[in-house]
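Single-structure report; data block below.
Values in this text are rule-based calculations from the coordinates and carry no lab data. Note that the coordinates shown come from a computational prediction; the quantities given were computed from them, not determined experimentally. Virtual Cβ from ideal backbone geometry, glycine too; neighbours counted across all protein chains shown.
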Amino acid sequence: MYAYSDFDESFVRNRVRQFRDQVERRIDGRLSEDEFKPLRLMNGLYLQLHAYMLRVAIPYGTLDARQMRQLATISERWDRGYGHFTTRQNIQFNWPKLRDVPDMLDALADVGMHAIQTSGNCVRNVTSDHFAGAAADEIADPRPYAELLRQWSSDHPEFQYLPRKFKIAITGATADRAVTRAHDIGLRVVARDGAVGFEVSVGGGLGRTPMIGRVIRDFLPEADLVPYVEAVLGVYNQLGRRDNKYKARIKIAVHEMGLDTIRDLVEARFAETRSEFPGAEAALAEIRAAFRAPDFRAGGTAIPSGSPAFRAWTDTNLAPHRREDHAIVTVSLKTPGQQPGDASADQMRAIADLAETYGYDEIRISHRQNVILPHVRKDDLPAVFEALAAAGLAAANAGLISDIIACPGMDYCALATARSIPVAQEIAVLFETLDLAHEVGPLRLNVSGCINACGHHHVADIGILGLERAGVETYQITLGGDPTERIAIGERTGPGFAADEIVGAVERIVTAYLELRDSADETFAEAYRRLGLAPFQKALYSEESRENAA
Amino acid sequence: MKRRFHPSVVTANDLFEGHPVWRTADGRWSATIREAEVLRDPETAEARLAAAASDAARVVGPYLAEVATAPEGPAPLHFREVFRVRGPAHASDRLDHLPGE
């Protein structure tokens with residue numbers, strides 16, 4: 001993985017020193033809250049419902065064991081012994097004290113990490129495929145490109161005060177596991193005539209106005225990545241609305257001005273500025289050296305036999321590796337009943353130990369709020385499973401209905417309009433109790449606690465959006481969303497449900513699916529594409545369905 | 001049409017810890033809503049809010065929150081405020097920063 005240079009180290013340490021001084025000035029009154037707030041946000045420090053929250057960047061979701069152990073240490077020393085992994089592949093600490101935050105940032109800098117640009121109207125953490133560097137369907141490892149963009153966008157003087165935040169995602173595989181078309185810029189590595197380049201989409205995003213990104217360039221040569229992305233940002237910086245934050249994202253500019261107009265402007269700017277950029281070859285070569293594949297140890301190509309629990313886990317939590325003797329392991333942070341995406345300090349250390357012993361010191365965080373061990377020898381899977389089970393991390397549910405994405409919601413978030421976590425917990429426990437999750441099969445269920453859609457509810461098979469209606473929590477349901485290369489925004493089913501009705505409503509949808517599917521092989525997504533919304537609406541809202549479920 | 005004033009308390013977040021706090025009749029900030037001063041008319045509420053806003057060395061973002069009144073003290077009305085009083089659902093996070101609740 002990428003290692004900090006002296007320049008990076010010096011830059012991050014300097015920012016910590018500056019922030020330490022800013023905190024002191026806030027406390028002694030030399031800075032007002034109005035002056036301090038943008039400074040703390042630029043360093044990832046939010047003020048939430050119950051406490052401050054520090055959001056730490058995990059670039060493209062990549063960590064090593066030393067960094068994971070340091071996150072564990074930070075959580076114990078300055079927080080409450082756990083961390084929350086987010087849909088943007090970051091980690092959040094929910095209980096830091098203001099005076100402690102500079103020390104936390106110094107501790108992060110000790111392992112080449114920071115919280116810069118995890119908030120504010122700037123280019124945020126570049127996200128990527130959590131199977132990067134390991135996936136069997138990969139054309140090229142997207143992480144060197146993501147790192148190039150990270151270096152380019154970090155403290156970029158022109159893009160610190162954009163009209164609104166800006167998110168870039170990149171995948172190097174044929175399957176889109178990074179939800180690229182739901183980002184301000186989505187990059188998909190493609191090969192053409194033997195050359196590697198990118199399909200570039202712009203104007204995707206979720207939130208209150210969900211939009212699917214549109215292809216602005218079907219093939220961008222690798223060498224042009226930075227100048228072209230800079231041209232997009234430059235155009236957006238000029239055109240993006242600053243009078244209304246709800247209309248400030250680039251998706252609104254693309255929608256209002258039209259893709260062709262935006263494309264012409266970007267191409268004109270690109271033509272004008274391209275010559276100012278040195279080629280990316282040298283920088284990419286240097287970065288790629290840091291992302292060399294590990295020296296893989298050979299092993300058997302079959303998954304060893306084991307207990308029923310082991311077999312259930314291998315059925316759901318493994319993905320194909322590009323080597324036949326290895327597998328990609330998803331460590332579920334979704335044991336039914338737990339807070340989705342949370343890991344205790346002990347669990348973080350257990351994962352770090354496994355990464356070192358069996359995983360070539362590589363860890364990834366997925367946007368589905370799980371941890372990935374990208375390279376595990378199949379021969380080592382029983383030992384990995386045993387260690388995960390001992391740490392309470394062996395839930396066999398990756399990709400199933402209990403593998404729920406949930407934002408922090410009104411349990412923590414100051415922006416939330418309803419709770420997400422208890423809804424996710426109740427649904428996961430219900431299907432665990434009914435022993436139905438494996439019978440239901442692959443099903444993405446995502447919960448957001450407000451219209452900002454951090455829980456990605458728009459692109460779930462079953463999406464749940466928590467809102468306030470007349471002073472009470474109400475939950476809207478969308479169906480048929482898809483985060484993959486087939487991306488689709490879910491359709492709203494109709495009126496929302498009260499907090500004590502939403503779990504039953506989900507059960508009615510799933511029961512309907514089990515009755516309607518043409519075989520056990522037809523997934524929920526496939527059944528929905530075949531049947532459409534109507535039969536599920538009937539199951540949700542008809543008196544008969546409600547009475548049967550009651 | 002102007003909304004009818006409802007009994008309210010002044011609440012904010014503690015500058016140092018970030019925890020919810022409520023303003024008492026003697027101008028202190030309490031971690032317990034039961035100790036908050038109940039403001040029964042808009043003029044007093046605005047005056048107390050202005051006083052709270054000048055207390056930036058202790059708190060962040062003061063605002064008025066509507067309450068129900070009872071002999072044991074005020075209780076939050078809106079569910080958001082209920083969650084601020086109660087704490088998150090997470091077992092290890094619940095209430096331990098809210099002595100007296």
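Using DSSP to call loops (not H, G, I, E or B), can you name the trypsin sites (Lys or Arg not before Pro) in region A:185-287 whose Cβ has at most 14 other Cβ atoms within 10 angstrom?
A:ARG208, A:ARG242
Can you sort A:ARG30, A:ARG181 by how many other beta carbons sit within 10 Å, fewest first?
Listed from fewest to most nearby Cβ atoms, that is A:ARG30, A:ARG181.
Which of A:LYS167/A:LYS247; A:LYS247/A:LYS334; A:LYS37/A:LYS97; A:LYS334/A:LYS378; A:LYS167/A:LYS245; A:LYS37/A:LYS245 have a Cα-Cα distance over 25 Å? All intermediate terms of the calculation are to be shown ahead of the outcome.
Details: A:LYS167/A:LYS247 16 Å; A:LYS247/A:LYS334 35 Å; A:LYS37/A:LYS97 15 Å; A:LYS334/A:LYS378 23 Å; A:LYS167/A:LYS245 16 Å; A:LYS37/A:LYS245 18 Å.
As for pairs spanning more than 25 Å Cα to Cα, those are A:LYS247/A:LYS334.
If R0 is 22 Å, what FRET efficiency do you get for A:GLU485 and A:THR301 from their C-beta distance, rounded to 0.05? Present the calculation step by step, with values, prior to reporting the outcome.
Numbers: r = 28 Å, r/R0 = 1.27.
E between A:GLU485 and A:THR301, to the nearest 0.05, is 0.20.
Could you give the size of the charge dipole of chain B about its Cα centre, using +1 on the Cβ of each K and R and -1 on the Cβ of each D and E, expressed in debye and rounded to the nearest 20?
Dipole about the Cα centre, nearest 20: 340 debye.
Exposed loop sites here are trypsin sites (Lys or Arg not before Pro) in DSSP loop states with at most 16 other C-beta atoms within 10 Å. What is the longest stretch of chain B lacking them?
B:59-93
Rounded to the nearest 0.05, what FRET efficiency do A:ASP106 and B:ARG40 give with R0 = 60 Å and r taken as the Cβ-Cβ distance? Could you check?
0.80
Just want to confirm a number: the relative contact order over chain B, from Cα pairs under 8 angstrom separated by 6+ residues, in percent. Intermediate values should be presented prior to the final figure.
Working: 169 pairs, mean separation 29.7, N = 101.
Relative contact order here is 29 percent.
Just for the protein assembly as shown, what percent of DSSP beta bridges are antiparallel, to the closest 5? Show your work: numbers first, answer last.
Values: 66 of 79 bridges.
Of the beta bridges lying entirely in the protein assembly as shown, close to 85 percent run antiparallel.
How far apart, in nm, are two points set 7 Å out from the Cα along the Cα-to-Cβ line at B:THR69 and at A:ARG292?
Here the answer is 7.5 nm between the modelled labels.
Lone cysteines in the protein assembly as shown, defined as no other cysteine's Cβ under 4.7 Å from theirs: which are they?
A:CYS122, A:CYS413, A:CYS450, each lacking another Cys Cβ under 4.7 Å.
Name the residue farthest towards the positive end of the dipole of region A:248-314 from the options A:PHE270, A:SER305, A:GLY258, assuming +1 on Cβ of Lys and Arg, -1 on Cβ of Asp and Glu, about the Cα centre.
The one lying farthest along the dipole's positive direction is A:SER305.
Looking at chain A, which longest stretch skips every one of the chymotrypsin sites (Phe, Trp or Tyr not before Pro) that is in a DSSP loop with at most 16 other Cβ atoms within 10 Å, leaving the sites themselves out?
Segment A:297-550 is the longest.
Report the gain in length on full extension from A:SER519 to A:ARG13: 0.36 nm times residue separation, minus Cα-Cα distance, nm rounded to one decimal. Write down the numbers at each step before the final one.
Working: separation 506, 0.36 × 506 = 182.16 nm, distance 5.80 nm.
Extra length from A:SER519 to A:ARG13 when fully extended: 176.4 nm.
Can you compute the label reach from A:GLU281? Point 7 Å from Cα along the Cβ direction, backbone N cut-off under 15 Å, restricted to region A:150-166.
none
If I take R0 = 22 Å and measure r between the Cβ atoms of A:VAL215 and A:ARG274 in this structure, what FRET efficiency does the formula 1/(1 + (r/R0)^6) give, to the nearest 0.05?
Calculated value: 0.65.
For region B:1-50 and region A:363-401, what is the separation of their C-alpha centers, rounded to whole Å?
Using only Cα atoms, the two centres lie 48 Å from each other.
Would you calculate, for chain A, the mean residue ellipticity at 222 nm contributed by helices, counting each DSSP H stretch of 4 or more residues as -39,500 (n - 2.57) and dividing by all residues, to the nearest 500? Please report the intermediate quantities before stating the final value.
On the way: 18 runs with 203 residues, N = 550.
Calculated from helices alone, the mean residue ellipticity at 222 nm is -11500 deg cm²/dmol.
Let's test this: bin the Cα-Cα distances of region A:405-549 at 10 Å from zero up to the farthest pair and state each bin's percent.
Spelled out bin by bin, region A:405-549 gives 12, 44, 36, 7, 0 percent.
Would you mind checking the tilt of helix B:42-53 against the longest principal axis of the Cα atoms of chain B, expressed as 0 to 90 degrees and rounded to 10?
50 degrees
Taking the beta-carbon count within 10 Å as an exposure proxy, list A:CYS122, A:CYS454 from fewest neighbours to most. Kindly include the intermediate steps, with their values, before the conclusion.
Details: A:CYS122 21, A:CYS454 24.
The order, fewest Cβ neighbours first, is A:CYS122, A:CYS454.
Taking 0.36 nm per intervening residue step and subtracting the Cα-Cα distance, what contour gain separates A:ARG529 from A:ALA309 on full extension?
75.9 nm
If you plug each phi of region A:445-462 into the Karplus form 6.51 cos²θ - 1.76 cosθ + 1.60 with θ = phi - 60°, what whole-Hz ³J(HN,Hα) values come out, in order, with x for Gly and Pro?
Karplus values, whole Hz, x for Gly and Pro: 10, 10, 10, 10, x, 6, 5, 5, 6, 4, x, 6, 5, 5, 10, 10, 4, 10.
Can you tell me what percent of all Cα-Cα pairs in chain A are more than 33 Å apart?
For chain A, the share of Cα pairs beyond 33 Å comes to 41 percent.
Once you charge only the Cβ atoms, +1 for Lys and Arg and -1 for Asp and Glu, what is the size of the charge dipole of chain A about its Cα centre, to the nearest 20 debye? Don't skip to the end; give the middle numbers.
On the way: 62 positive and 76 negative charges, 271 e Å.
Roughly 1300 debye, rounded to the nearest 20.
From largest to smallest, what semi-axes in whole angstrom does region A:6-109 give when each is the square root of 5 times an eigenvalue of its alpha carbon gyration tensor?
Equivalent ellipsoid of region A:6-109: 22, 17, 12 Å, largest first.
Residue by residue, what Karplus-based ³J(HN,Hα) values in Hz, rounded to whole numbers, does region A:386-399 have, using 6.51, -1.76 and 1.60 with θ = phi - 60° and x for Gly and Pro?
With coefficients 6.51, -1.76 and 1.60, one gets 4, 5, 5, 4, 5, 9, x, 10, 9, 4, 8, 9, 4, x Hz.
Kindly write out, for region A:29-35 in residue order, the coupling ³J(HN,Hα) from the Karplus curve 6.51 cos²θ - 1.76 cosθ + 1.60 (θ = phi - 60°), rounded to whole Hz, with x marking Gly and Pro.
Taking θ as phi minus 60°, the curve returns x, 6, 10, 7, 5, 4, 6 Hz for region A:29-35.
Can you give the three extents of the C-alpha atoms in chain B along their principal axes, from longest to shortest, in whole Å?
Over chain B, Cα extents along the principal axes are 43, 29, 27 Å.
Give me the one-decimal nm value for the distance between modelled label points at A:SER542 and A:GLU267, 7 Å along each residue's Cα-to-Cβ direction.
5.3 nm
Each label point is 7 Å from the Cα along the Cα-to-Cβ direction; what then is the distance between the points at B:SER54 and A:LYS245, in nm?
Between B:SER54 and A:LYS245, the label points sit 2.9 nm apart.
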